[in-house]
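The values are calculated or read from the model by the stated rules, or taken from the named source; none is laboratory data. Model, not experiment: these values are computed from the prediction. Because the Cβ atoms are built from the backbone with ideal geometry, glycine has one as well, and the counts that use them run over all protein chains shown. Please note that ligands, DNA and RNA were not included when accessible areas were found on the heavy atoms of the full protein model with its side chains. Shrake-Rupley method; radii C 1.70, N 1.55, O 1.52, S 1.80 Å.
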Amino acid sequence: MTEMNELVILAFPLRGEWLSPNTPGTKIPSHGTNRSGTRYAYDFIQVDWDRGDYPAYRVSFIQYLLFGVKLENYYCWGQDVYAPGNGIVVAAEDGYEERSKTNLFSDMSNAYKNAHHFNIEKDNIQSVAGNYIIIKFGDGIYAALCHLQTGFI
């Protein structure tokens, strides 16, 4: 068992270059708050900085705004996610079907809805977390890897 004052070293669970558009510093809709255990939450998207437009997907930013981007067009689609350290899996949920695509309006609508109307006691956590795995590293030390692609198990 890990004591609360013992140092736990974790590794970054992704390989390659990634961007974090939502960090604990932005606090929207939940990142950086104590709501639903998201005080240290980060979202990551894989990037290709050599590409023009927005470096996270294979289509133009205008297409994202007007028509959306299919998930398969994001560079991170199909990439492996690694355990950040030695621990015990305490929960895992797979089979939650992702949206077919994202766009600015649906992304902002979901963020607003989750920030202002989500109730953890009655709403489905998978509607926010998607497919996820929670790993315990010691007493009171957990990591949740969320928004995973369907079929990760």
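Return the sequence-ordered ³J(HN,Hα) values of segment 55-65 in whole Hz as given by the Karplus equation 6.51 cos²θ - 1.76 cosθ + 1.60 applied to θ = phi - 60°, using x for Gly and Pro.
x, 9, 9, 8, 10, 6, 5, 4, 4, 4, 5
Roughly speaking, what is the stretch gain from K101 to Y40, that is 0.36 nm per residue apart minus the C-alpha to C-alpha distance, in nm to one decimal? It would help to have the intermediate numbers written out before the result.
Numbers: separation 61, 0.36 × 61 = 21.96 nm, distance 2.63 nm.
Result: 19.3 nm gained on full extension.
Run through segment 100-153 and list the trypsin sites (Lys or Arg not before Pro) located in a DSSP loop whose Cβ has at most 15 other Cβ atoms within 10 Å. Could you put the intermediate results ahead of the total?
Working: sites: K101, K113, K122, K136; in loops: K122.
Within segment 100-153, the qualifying trypsin sites (Lys or Arg not before Pro) (loop, at most 15 other Cβ atoms within 10 Å) are K122.
Taking all pairs of distinct Cα atoms, average 1/r, flip it, and tell me the Kirkwood hydrodynamic radius of segment 39-153 in Å to one decimal place. Don't jump to the answer; show the numbers that get you there.
On the way: mean 1/r = 0.0628 Å⁻¹.
Taking every pair of different Cα atoms in segment 39-153, averaging 1/r and inverting gives 15.9 Å.
Per residue of segment 137-153, in order, report the coupling 6.51 cos²θ - 1.76 cosθ + 1.60 (Karplus, θ = phi - 60°) as ³J(HN,Hα) in whole Hz, putting x for Gly and Pro.
10, x, 4, x, 10, 10, 10, 10, 9, 10, 6, 7, 5, 3, x, 5, 7
Leaving out ligands and nucleic acids, and using a 1.4 Å probe, what accessible area per residue does segment 68-153 come to in Å²?
Details: 5430 Å² over 86 residues.
Value returned for segment 68-153: 63 Å² of accessible area per residue.
Rank by packing, highest mean first: peptides 7-18, 71-82, with packing defined as the count of other Cβ atoms within 10 Å averaged across residues. Can you show the working numbers first?
Working: 7-18: 11.7, 71-82: 14.3.
Packing order, densest peptide first, comes out as 71-82, 7-18.
What is the Cα convex hull volume of segment 79-131 when expressed per residue in Å³?
Details: hull volume 7.1 nm³, N = 53.
Given the Cα convex hull of segment 79-131, per-residue volume reads 134 Å³.
May I ask you to rank I62, I153 by accessible area, largest first, using a 1.4 Å probe over the protein chains only?
Values: I62 105, I153 140 Å².
Order by accessible area, largest first: I153, I62.
Figure the gain on full extension for V81 and F152 (residue separation times 0.36 nm, minus the Cα-Cα span) and round it to one decimal in nm. Each step should come with its number before you reach the end.
Values: separation 71, 0.36 × 71 = 25.56 nm, distance 0.88 nm.
Here the segment from V81 to F152 would lengthen by 24.7 nm.
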